[in-house]
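Read through the structure below, which is laid out as structure tokens, and then see the notes.
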Amino acid sequence: MKRTIALAAGMAMGAGMALADMVAPADVTYGEYGEIEQSLTGVPGDAEAGREVMITRGLGNCVACHAVTALEDIPFHGEVGPILDGVGSYRTEAELRGIVANAKMTFPESVMPAFYKVDGFIRPGNAFTGKAAEGPLDPLLTAQQIEDVVAYLMTLTD
Amino acid sequence: MTMSTLKTAVCGLALLAAPLAASAEELVVNGEIEMITETEPAAHLDGALSTVRSGWTFRTTETKALQMDDFENPAMISVDNGMAAWNTADGAEGKSCADCHGAMEDSMEMVRATYPKWNEEAGEVRNIQMQIDDCRVNQMSAEPYGLDSRPMLAMEAAISSVGRGQVVDVAIDGPAAETWEKGKEIYYTRFGQLDLSCASCHELNYDNYIRADHLSQGQINGFPTYRLKNARLNGTHSRFRGCIRDTRAETYSVGSPEFVALELYVASRGNGLTVEGPAVRN
């Protein structure tokens, strides 16, 4: 119950800030190495919510491709991407924000999907229905979910 | 030959043999049909794969075992149904497949290993299912089975079963070349909002786990496959659909020219493996 209230409060706050400070996918500024200096929302990320994004199939499902020792209690970590242990020590917050938003700006040709991008796709679908998308796409994660994931990744220190 | 060249030669051989031996477990079906589950890549792969492996080699010991004996293989019931249909007259002409083609074991032995294939009269590349429905409609005046329908998959499984152990050798040159090129282009196209191509998973990441799934090379020498997950036979194009859908993309439809082209291309990536269909998968 405590958790739900906290979540609801978080969402309300996110929505409130959205108008003021949210950077739309098309307006994101990437640095030379694909990093994003500026927060996408102006609201500090919530690492606990970011953890949820990492492990949930309908959200980031990052563990489909990455193993994370700190998430050991979650079954089936993938091997497609590198193990993320310690990533918060050797990457900056700006780098991590850039990699999660659009990994191809950091690793050209990467198989890692861009979680904050809405155009330039071939035959985009309506989620996992196999049918064509109707109207403009939403990014895979919201601006705040990106910030939350980044906050979680920053906790993965050596 | 000096000692050192001899050494290099021996080393070279050992190196070549090593990756093959690593996952080489013998698949012998019914104690008699010897399968090639790992082989050298065809020249047209241009080094894209260092070895070519059947999907069987990626499955668990339990799943593998189900394919080694027809009494254990749950797809064999469908094969029996397909065999029965082969010998049963249907349609306004009152003919059965056997009336024109004789014994399936003889006339259909090489079909699975060589399809999809250019059909001169039709002026197109056809897969087995298209040819079966063409015979039903134009030779038998019967209702088409419909692509990837249950009776179709049963017939395809039966035809595949009599070709087990034959070495896959689909032609990619001559009139088929254009379709093959189109299939290759589709194979390397990154689809959907996840922006992934067939190659992203089955060429760059085979043998890796993606969540709970152990990625294979996505070969189709085992099709139609019996999947324990849905307890039925599954067609090649339905599998393609599923994989493209999982990239959050709009898929092509079963039987579409795009999927026929992709089927030809993917089949050719498995040239040198043996026909295993109906194989068993998780």
Check your understanding: Hey, what angle do you get for helix B:150-161 against the long axis of chain B, alpha-carbon based, 0 to 90 degrees rounded to 10?
Key -> 50 degrees
Check your understanding: At a Förster radius of 22 Å, what calculated FRET efficiency corresponds to the Cβ-Cβ distance of A:Asp119 and A:Glu32, to the nearest 0.05?
Key -> 0.45
Check your understanding: Applying the Karplus parametrisation 6.51 cos²θ - 1.76 cosθ + 1.60 with θ = phi - 60° to the phi angles of the stretch B:229-236, what ³J(HN,Hα) value in whole Hz is obtained for each residue in order, glycine and proline being reported as x?
Key -> 4, 10, 6, 7, 6, 10, x, 4
Point to revise | Over chain A: helical MRE at 222 nm, DSSP H runs n ≥ 4 each giving -39500 (n - 2.57), nearest 500 | key: -10500 deg cm²/dmol
Exercise for review: For the stretch B:29-144, calculate the relative contact order in percent as a whole number, restricting contacts to Cα pairs under 8 Å that are 6 or more residues apart.
Suggested key: 17 percent
Study note, to complete from the structure: To the nearest 20 debye, chain B has a Cα-centred charge dipole, built from +1 on Lys and Arg Cβ and -1 on Asp and Glu Cβ, of 980 debye
Practice item. Once you have a ≥ b ≥ c as the square roots of the Cα gyration tensor eigenvalues for the protein assembly as shown, tell me rounded if a/c is under 1.5, and otherwise prolate or oblate according to whether a/b is larger than b/c. Key: prolate
Revision key, fill the gap. In whole angstrom, the spacing between the Cα centers of the stretch B:67-141 and the stretch B:242-275 equals 21 Å
Practice item. Find, among the GluC sites (Glu not before Pro) in the stretch B:58-106, those assigned to loop by DSSP (not H, G, I, E, B) with at most 15 other beta-carbon atoms within 10 angstrom. Key: B:Glu72, B:Glu93
**Study point:** Three-way shape call for chain A based on the alpha-carbon gyration tensor, with the a/c threshold at 1.5
**Key:** rounded
Point to revise | Amide H partners (placed H, <5 Å) of A:Asp46, local residues excluded | key: A:Asp148
**Study point:** chymotrypsin sites (Phe, Trp or Tyr not before Pro), loop per DSSP, at most 15 other Cβ atoms within 10 Å - longest free stretch of chain B
**Key:** B:72-187
Review point. Nearest-5 percent of antiparallel DSSP beta bridges in chain B?
Key: 85 percent
**Study point:** Phi-based couplings in Hz for the stretch B:203-219 (Karplus 6.51, -1.76, 1.60; Gly and Pro marked x)
**Key:** 10, 7, 10, 5, 6, 8, 8, 10, 6, 8, 8, 8, 5, 9, 7, x, 6
Practice item. Tell me which residues come under 5 Å, amide H to amide H, from B:Val125 once H is placed; ignore anything under 5 positions away on its chain. Key: B:Asn119
Exercise for review: Would you calculate the separation in nanometres between label points at A:Thr92 and A:Arg57, each defined as 7 Å from the Cα along the Cα-to-beta-carbon direction?
Suggested key: 3.9 nm
Review point. Can you give the helix-only mean residue ellipticity at 222 nm for chain B, where every DSSP H stretch with n ≥ 4 adds -39500 (n - 2.57) and the sum goes over all residues, rounded to the nearest 500 deg cm²/dmol?
Key: -11000 deg cm²/dmol
Study note, to complete from the structure: Residues meeting the amide H criterion for B:Lys95 (H placed from the backbone, H to H distance under 5 Å, 5 or more places apart or on another chain) are B:Asp90
Check your understanding: Suppose every K and R has +1 on its Cβ and every D and E has -1 on its Cβ; what is the size of the dipole of the stretch A:2-155 about the Cα centre, in Debye to the nearest 20?
Key -> 440 debye
Check your understanding: Once phi is turned into θ = phi - 60°, what whole-Hz ³J(HN,Hα) does the Karplus curve with 6.51, -1.76 and 1.60 give for every residue of the stretch A:104-113, x standing for Gly and Pro?
Key -> 5, 6, 9, 10, x, 6, 4, 7, 5, x
Check your understanding: What's the FRET efficiency of B:Glu185 with A:Thr155 using the Cβ-Cβ distance as r and R₀ = 60 Å, to the nearest 0.05?
Key -> 0.90
Review point. Hey, what did the stretch B:33-280 get for relative contact order, percent, Cα under 8 Å, at least 6 apart?
Key: 30 percent
Check your understanding: So, in nm, how far is label B:Ala212 from label B:Asn30 when the simple model puts each one 7 Å beyond its Cα toward the Cβ?
Key -> 3.4 nm
Check your understanding: For the stretch A:29-111, which trypsin sites (Lys or Arg not before Pro) are both in a DSSP coil and crowded by at most 15 other Cβ atoms within 10 Å?
Key -> A:Arg57
Exercise for review: Determine the alpha carbon to alpha carbon distance for each of A:Lys117/B:Lys184; A:Lys131/B:Lys229; B:Lys117/B:Lys229; A:Lys104/B:Lys184 and list only those over 25 Å.
Suggested key: A:Lys117/B:Lys184; B:Lys117/B:Lys229
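Give me the number: length gained by fully extending B:Thr63 to B:Asp90, i.e. 0.36 nm times residue separation minus the C-alpha to C-alpha distance, one decimal in nm. Could the numbers behind the result be given before it?
Values: separation 27, 0.36 × 27 = 9.72 nm, distance 3.63 nm.
Extending this stretch completely gives an extra 6.1 nm.
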Revision key, fill the gap. With the label point 7 Å along the Cα-to-beta-carbon line of B:His44 and a cut-off under 18 Å to each amide N, the hits in the stretch B:125-142 are B:125-128
Exercise for review: Counting only GluC sites (Glu not before Pro) that are in a DSSP loop and have at most 15 other C-beta atoms within 10 Å, tell me the longest site-free stretch of chain A.
Suggested key: A:73-108
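Read-outs throughout are calculated quantities, based only on the coordinates presented, and are distinct from any laboratory measurement. What you see is a predicted model, and the numbers here were worked out from it, not measured in a lab. Neighbour counts run over all protein chains shown; Cβ positions are idealised from the backbone, glycine included.
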